Amino acid sequence: MSASMLDNQIPILWTFRRCPYAMRTRLAIKASGIEVYLREIVLRHKPSEFVSDSPKATVPVLKLKNGKILEESIDIMRWALEQNDPNDWLQILEKRKEYSERFLTNLDGPFKNDLDRYKYASRYGLENTESLVHREEGSKFLSQINRWLKETPHLSGERQGFLDIASLPFVRQFRIADPEWFDQQDWPQLHTWLQTFLAWDQFSLIMEKFKPWDSTQGEGILF
């Protein structure tokens, strides 16, 4: 089989390094051991090839070898781990289905809404006092996570799993908005959980910096 034919068998992942949705997909893909061609983009200069693959033009996007496009990060995570899940990250989704669905809905819905309006207040035309209202609302979700982590060391149980990987990049962002304030909150379990994640070698691996993709780079970076 020629090199070009082999290239066509490898999925293409459009990504942006600092996007938490993209982070969690890269973590799942790396855990699965599946190779993809990574194409880093600059959000203000989106390649025409990216927009052609996904007209909604938001990362992450995974283009499968059969041409199918996956545009939701949770779907990409599931797809990768359904191919190979050596760490049993998907187990929690079946073992505690209702809990998992409710958690992911709250994470990607109300919590993400509050995170954005707290961290990027000016983008939404919000005053500081309004931003702090969203910080307070988001903190309620983080307090709940801290309570859950008193029961088990990870949201997915005794071992790290899907719910942890899906949420930690967003908790990281919440902290970045005001690290001093965040670190002073009475969330001992959550702080340990987050710091363990930040020190994890796999996290460092998926945060490696790559040049933005252009057509001169071929298929992309083998990831």
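Observations on the model:
- Of the numbered criteria (1) part of a loop (DSSP other than H, G, I, E, B); (2) at negative phi; (3) of a type in the set (A, V, I, L, M, F, W, C), the one ALA57 fails is (2).
- Of residues in segment 51-89 being more than 20 Å from GLU35 (Cβ to Cβ) and hydrophobic (A, V, I, L, M, F, W, C), the one modelled with the highest pLDDT: ILE74
- GLY67 being in a helix (DSSP H, G or I) and surrounded by fewer than 21 Cβ atoms within 10 Å (Cβ to Cβ): no
- Segment 10-49 - residue that is among the basic types (Lys, Arg) and assigned to a loop (DSSP other than H, G, I, E, B) and, of those, farthest from ASP214 (Cα to Cα): ARG18
The rows are residues; the columns are (1) under 16 Å from the mean Cα position of the chain (by Cα); (2) over 18 Å from ARG24 (Cβ atoms); (3) not assigned by TED's automatic domain parsing to the domain that holds THR105.
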site	(1), (2), (3)
SER139	no, yes, no
ILE145	no, no, no
THR152	no, yes, no
ARG159	no, no, no
LEU163	yes, no, no
ARG175	yes, no, no
THR192	no, yes, no
THR196	no, no, no
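- Taken as a whole, the condition of being closer than 17 Å to LEU168 by Cα, touching a Pro at 6+ places or on another chain (Cβ under 8 Å) and either crowded, with 22+ Cβ neighbours inside 10 Å or assigned by TED's automatic domain parsing to the domain that holds ASN146 (or both) applies to ARG24.
- Evaluation of TRP181 against (1) exposed (fewer than 14 other Cβ atoms within 10 Å of the Cβ); (2) among the hydrophobic types (A, V, I, L, M, F, W, C); (3) not in a helix (DSSP H, G or I) (one fails), failing number: (3)
- Scan of segment 103-146 for residues that are farther than 22 Å from PRO179 by Cβ, touching a residue at least 24 places away in the same chain (Cβ under 8 Å) and surrounded by fewer than 19 Cβ atoms within 10 Å (Cβ to Cβ), ordered by number: LEU104, ASN106, ASP108, PRO110
- Among the candidates SER52, SER100, residue that is small (Gly, Ala, Ser), in contact (Cβ under 8 Å) with a residue 12 or more places away in the chain and either buried (at least 22 other Cβ atoms within 10 Å of the Cβ) or in a helix (DSSP H, G or I) (or both): SER100
- Of the candidates ILE12, ILE76, the single residue that is farther than 30 Å from GLU158 by Cα and touching a residue at least 40 places away in the same chain (Cβ under 8 Å) is ILE12.
The values are calculated or read from the model by the stated rules, or taken from the named source; none is laboratory data. Only a predicted model underlies this, so the values are computations on that prediction, with no experimental measurement involved. Glycine also receives a Cβ, built like all others from the backbone with ideal geometry; neighbour counts cover every protein chain displayed.
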